[in-house]
Amino acid sequence: MARKNIPLPPPPKRRELSDNPVKLCNEIARIFRNKMRESCELDGVMSQPGARLVLSVLAIEDGINQRELVARTHLRAPSVSVIIKKMVTEGMVELRTDENDMRSTRVYLTEHGREVDAESINKIKAMDARGLEGIGEEEQAALMALLCRIRDNLLDSEREENQ
């Protein structure tokens, strides 16, 4: 059953946070997720935040365990666990015991999971193209470099806090 997509209200304007690149990235991500929900009419596990990311990581690194999924997605372990259970129920992934370590379970995409991933990739590419209209290749490269630095700075601060 598809969820009704109610347009999200704009975030409140706060003078002390205006012109903040990280805040703008969050707003863009929020708009992107809402537009993807509208275009995909997502239901089931794929309507859950983080499910697309888990599916994407598995498409790249099929057969990793849940601990590795947590590390790659930066999601919390309970969230990944719930997403995986729902994906199993919906036939997108299957769990197999690791042949080298019988205590470990690995997660593998099924054919259905690969089809859902391919459909989602096509919609993401279309949404990306819309968002990047009028922005040249050099500008995109510069933007990507800056965003990667911001992400790395945030991850570095997270590592420092955990030490």
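Please treat every number below as a calculation from the coordinates, not as lab data. A quick note: this is a predicted structure, and the numbers were derived from the prediction, not measured. Note: ideal-geometry Cβ built from the backbone for every residue, glycine included; neighbour counts use all protein chains shown.
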Next on the checklist: Which residue, Val70, Asn20, Pro49, has the largest displacement toward the positive end of the dipole of the range 19-131 when charges sit on each Cβ (Lys, Arg +1; Asp, Glu -1)?
Outcome noted: Asn20
Checklist outcome for this item: GluC sites (Glu not before Pro) in the range 117-160 lying in a DSSP loop, each with at most 13 other Cβ atoms within 10 Å of its Cβ, come to Glu133
